[in-house]
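Below is one structure, written out as structure tokens, with a few remarks after it.
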Amino acid sequence: MRKAKMYSAVGAPRTGNAPLTSKLTEEVRKQLCDLLGNLELSLLYKASVHGYQASAFHQQCDNQGPTLLVAYNRSGYIFGGYTSVDYAQSGQQIIDDQAFLFSVHGDKSPLCIKINSGCYARSDDAGVPNFGQQLYFCYNNHPVVKNILKFKSRAFNFNPDTLYGNDTWLSECEVYKVEQRSTLLDPQVSAEEKPWRNILWTAEQRAQLMEMIRNYKPIMKSVSQVRILMIGPVGAGKSSFFNSINSIFMGRVTRKAMSGSAGTSLTTQFRTYPVKDGREGKPLPFVLCDTMGLEEQSGAGLDIEDISSIIQGHVPDHYKFNPMVPFQLPVPVMSRLESLQQEIHCVVYVIDATKISLISDKIEEKFASIRRNLNSLGIPQMVLMTKVDEACPLVEKDLQNIYVSSYIKSKVQEVSSRLDVPVSCVLPVKNSQELELSCDILLLTALQQMLNFADDYLDDVDPMTV
């Protein structure tokens, strides 16, 4: 009798018109929205209200578009998964390359596990929600999550201890509809709102910026080209920025630098990229320097000691990084004049706007260590905030909304605070997949500021030491 009573409490829907109240805190909701790209969450299903049965889940969640399942256990883990494809009880295996699992626990940054390429995201049947036919929620109509390996190839690579602390009993399970944020109900911008930065979106402005960059000459005559170093996490858009700038001056889309969104850095060498003014044109007065991406794990990604060697101009083009062994300084060391031409004159941190709130403590510590080193050397620094169109639907609709979007403004302020960089030194951009006026103006404006900062550094060099 006691067993039946317990099952009724957790397995059957409650009677009455209990309101659906989200269990998500504002902090966790914000983190999940950042994972999704600033989309809105609307609660569809709450197991403690509707019941843990598969039929109750489908009654509330079928044909609702993209959804986010959020489960809670007694160990304090908040975890679940996202699918961009409707639940429809079609009996089909669903392909969904946007699907992912996530986990939030304590003060740690959210864990996001993307689906493996070529795998089915879930089975769309009348049963309980599942991901990869591997992780089942409300298993057997109970408040339980079950990890079942049916196939040799896993759709999602995860450790149950990391994902949910190996605690399979659920205290709650919720499903949210994921949709574009309404600019009417929750405005990020209004047409009359004053821009928080002023910029001209004209072809004349684009042409003027290009001409200023063509005619730029470093303030120190012994330096023919200023060198700008791009630093940032894997996939933030460092190589894509060079490709975008190169495309603007070549007058066509180029892909000289490898770029992508792999989990590990596609850039394994130190690369210096000069840019020509057209195919047969002369080299422009700057060089963009690309590095491996920063990674959380020790022994992976760009080593902090290697950055010091790059800054001082010791690392040659095409040098292949070894995260386990820092770069060895050459003997003899260059003269001050030689090193001044080879060293870095401005550093740019490249940050994905959709992942600012997801920057881990370890990555933030690496940034802080880099900044301390650069500050001691007097190297000017700024932030390039990429993928703004993915972060804000309003900007995705029209890039010229970027400086009237309160969401983008909040992200600029957030990255300023987290990296300890002035707000005026954070420039939001969209790396271009094609030549586009608004996009080009943002990129060229950012490049112009990099050249100004490089001049600030050279202006402080003591001529007696050169």
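Just a few scattered comments:
- Scanning region 164-183 for residues that are at pLDDT 70 or above and either assigned to a loop (DSSP other than H, G, I, E, B) or aromatic (F, W, Y) (or both) gives Y164, G165, N166, D167, T168, W169, Y176, Q180.
- Candidates in region 133-153 are the residues that are within 29 Å of the chain's Cα centre (by Cα) and open to solvent by 10 Å² or more (accessible area, probe 1.4 Å); of these, the one that is nearest to S171 (Cα to Cα) is Y136.
- All strands (runs of 3 or more DSSP E) inside region 83-145 with 2 or more residues being assigned by the TED database to the domain that holds Y72, within 22 Å of Q59 (Cβ to Cβ) and of a type outside the set (D, E, K, R): 92-94, 135-137
- Any hit, region 382-398, residues being farther than 30 Å from E40 by Cβ, open to solvent by less than 10 Å² (accessible area, probe 1.4 Å) and at pLDDT 95 or above: yes
- Contacts under 8 angstrom Cβ, first residue in region 310-321 being in contact (Cβ under 8 Å) with a residue 24 or more places away in the chain and assigned by the TED database to the domain that holds I379, partner open to solvent by 10 Å² or more (accessible area, probe 1.4 Å) and among the basic types (K, R), 6 or more apart: G313/R227; D317/R271; H318/R271
- Lone qualifier among Y52, Y45 - being surrounded by 20 or more Cβ atoms within 10 Å (Cβ to Cβ), within 34 Å of the chain's Cα centre (by Cα) and at pLDDT 95 or above: Y45
- Leading residue by the ranking (nearest to I359 (Cα to Cα)) among those in region 303-313 that are at pLDDT 80 or above and not hydroxyl-bearing (S, T, Y): I307
- Of all positions in region 184-201, at least one carries a residue that is surrounded by 15 or more Cβ atoms within 10 Å (Cβ to Cβ), under 30 Å from K114 (Cβ atoms) and modelled with pLDDT under 90.
- From V104, V144, residue being without any contact (Cβ under 8 Å) to a residue 60 or more places away in the chain and within 24 Å of S75 (Cα to Cα): V144
- Filtering region 202-248 to residues that are open to solvent by less than 10 Å² (accessible area, probe 1.4 Å) and touching a Phe, Trp or Tyr at 6+ places or on another chain (Cβ under 7 Å) leaves V226, I228, M230, I231, G232, F242.
- Qualifying positions in region 375-393 - within 12 Å of A236 (Cα to Cα), out of contact with any Pro (no Cβ under 6 Å at 6 or more places or on another chain) and among the β-branched types (V, I, T): V383, T386
- Considering region 66-95, the residues that are open to solvent by less than 10 Å² (accessible area, probe 1.4 Å) and small (G, A, S) include one that is nearest to A121 (Cα to Cα), namely G81.
- Pairs are defined by a Cβ separation below 6 Å, a sequence spacing of at least 6 or placement on different chains, a first member in region 430-451 that is open to solvent by less than 50 Å² (accessible area, probe 1.4 Å), and a second member that is of a type outside the set (S, T, N, Q) and part of a loop (DSSP other than H, G, I, E, B); the pairs so defined are N431/G237; S438/W201; C439/K430; L442/V429; L443/V429; A446/V429; L451/Y216.
- Scanning region 272-302 for residues that are over 30 Å from the mean Cα position of the chain (by Cα) and at pLDDT below 85 yields R279, E280.
- Considered as a group, the residues in region 326-360 that are touching a Cys at 6+ places or on another chain (Cβ under 9 Å) and small (G, A, S) include one that is modelled with the lowest pLDDT, and that residue is S357.
The values are calculated or read from the model by the stated rules, or taken from the named source; none is laboratory data. Values in this document were obtained by computation on a predicted structure and should not be read as measured data. Because the Cβ atoms are built from the backbone with ideal geometry, glycine has one as well, and the counts that use them run over all protein chains shown. SASA here: full protein model, heavy atoms, side chains in, ligands and nucleic acids out. Shrake-Rupley method; radii C 1.70, N 1.55, O 1.52, S 1.80 Å.
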